[in-house]
Amino acid sequence: MAEFEMILTETQGCAGIIRLNRPKALNALCDQLMDELAQALRAFDSDPAIAAIVLTGNEKAFAAGADIREMQPRSWPGTYLNDFIAPWEAVLTVRKPVIGAVAGFALGGGCEVAMMCDILLAADTAKFGQPEIKLGILPGAGGSQRLTRAIGKSKAMEMILTGRMMDAAEAERTGLVSRVVPADTLVEEAVSLAQRIGEHSRAGVAMAKEAVNAAFELPLREGVRLERRLFLSAFGTPDQQEGMAAFNEKRKPNFGG
Ligand code: CO8
């Protein structure tokens, strides 16, 4: 793994952990940080020892948004010609599961990056919000779409038009996150989730991730068709043979990948 200034990386078993690490700016997402994040995601995605990636911040912030200092001087058409949001999509190109683990603020672009993750765990200290309206702009990295799909139109509209934050309990109640855990166990829980995923067939996990994500991109009929194709092709993997043989022989499967 390359040397980074604004993120920290480590591995624990088959979990690759990326910590956003710009604490003085509450992990505000500047160009350099996003470039480093993209590099680290690609490195873990292509590392055969890694089954899933945990993306987290620190106890105060996952990320308090795009870097407002860096954004202030930007103007159109420069913003259009040099689409500075494009590198953010790196999170979406990862084929292994990405588990977002949010403590403290996940605001603006920080909330958007969190919502790009496949599974979101929240510490009881987490606060989510899309406060861009207070800056005279609107969400620009998918917030208006992903928040609306996650929590419904009325609540998403209220949050995006007022900029109010949502606490961890509300985020769990509305389905934005899968679970709330005590802040001091957040990363441990996310790593244990990654390790549980890592016990399963790599191909099966990648196909299942692709199928679930298709639910956000495709009409139902196309999504079901994609699922069917992936399901049928799973029968071409040694892991299908191993998984079913192990069940019938009443033993633990030994998936080879
Ligand atoms: N950008 C740059 N610096 C930030 C940011 C940010 N988003 N958020 C916090 N900081 C800095 C502060 O300037 C401060 O720095 P300094 O100590 O040098 O003055 C330091 O972090 C600590 O912040 P505060 O003193 O404000 O800490 P508080 O605990 O008092 O308040 C808050 C915490 C409420 C989170 C407050 O910092 C805040 O409101 N931050 C801004 C939140 C925000 O508006 N986020 C949305 C940004 S816009 C956006 O994300 C658009 C995304 C569009 C797509 C992406 C395109 C690339």
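The values are calculated or read from the model by the stated rules, or taken from the named source; none is laboratory data. These numbers were taken from a predicted model, which means no experiment stands behind them. Heads up, the Cβs are rebuilt from the backbone with ideal geometry, glycines too, and the neighbour counts pull from every protein chain shown. Ligands, DNA and RNA are excluded from the accessible area calculation, which covers all protein heavy atoms including side chains. Shrake-Rupley method; radii C 1.70, N 1.55, O 1.52, S 1.80 Å.
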Given the conditions (1) free of Cβ contacts under 8 Å to residues at least 40 places away in the same chain; (2) open to solvent by 10 Å² or more (accessible area, probe 1.4 Å), and given that residue 129 satisfies all but one, which numbered condition is not satisfied? (2)
Which of the residues belonging to the stretch 147-169 are open to solvent by less than 70 Å² (accessible area, probe 1.4 Å) and in contact with a Leu (Cβ under 8 Å, 6 or more places away or on another chain)? 147, 150, 151, 156, 159, 160, 166
Within the stretch 43-57, track down each residue that is open to solvent by 20 Å² or more (accessible area, probe 1.4 Å) and assigned to a helix (DSSP H, G or I). 43, 45
Output the residues belonging to the stretch 8-42 that are assigned to a strand (DSSP E or B) and within 16 Å of the ligand (Cβ to nearest atom). 20, 29
Being open to solvent by 50 Å² or more (accessible area, probe 1.4 Å) and not in a helix (DSSP H, G or I): is that true of residue 232 here? no
Scanning the stretch 75-105 residue by residue, those over 12 Å from the mean Cα position of the chain (by Cα) and crowded, with 24+ Cβ neighbours inside 10 Å turn out to be 103, 105
Residue satisfying condition, being closer than 17 Å to residue 98 by Cβ, part of a loop (DSSP other than H, G, I, E, B) and in contact with a strand residue (DSSP E or B) (Cβ under 8 Å, 6 or more places away or on another chain), within set 177, 191: 177
Being within 16 Å of the ligand (Cβ to nearest atom), touching a residue at least 60 places away in the same chain (Cβ under 8 Å), β-branched (Val, Ile, Thr) and not in a loop (DSSP other than H, G, I, E, B) is the requirement here; does residue 113 meet it? yes
Of 67, 124, 118, 83, which residue is closer than 27 Å to residue 157 by Cβ, acidic (Asp, Glu) and modelled with pLDDT under 95? 83
Options 141, 90, 150, 61: the member that is more than 14 Å from the ligand (Cβ to nearest atom), in contact (Cβ under 8 Å) with a residue 24 or more places away in the chain and of a type in the set (Gly, Ala, Ser): 150
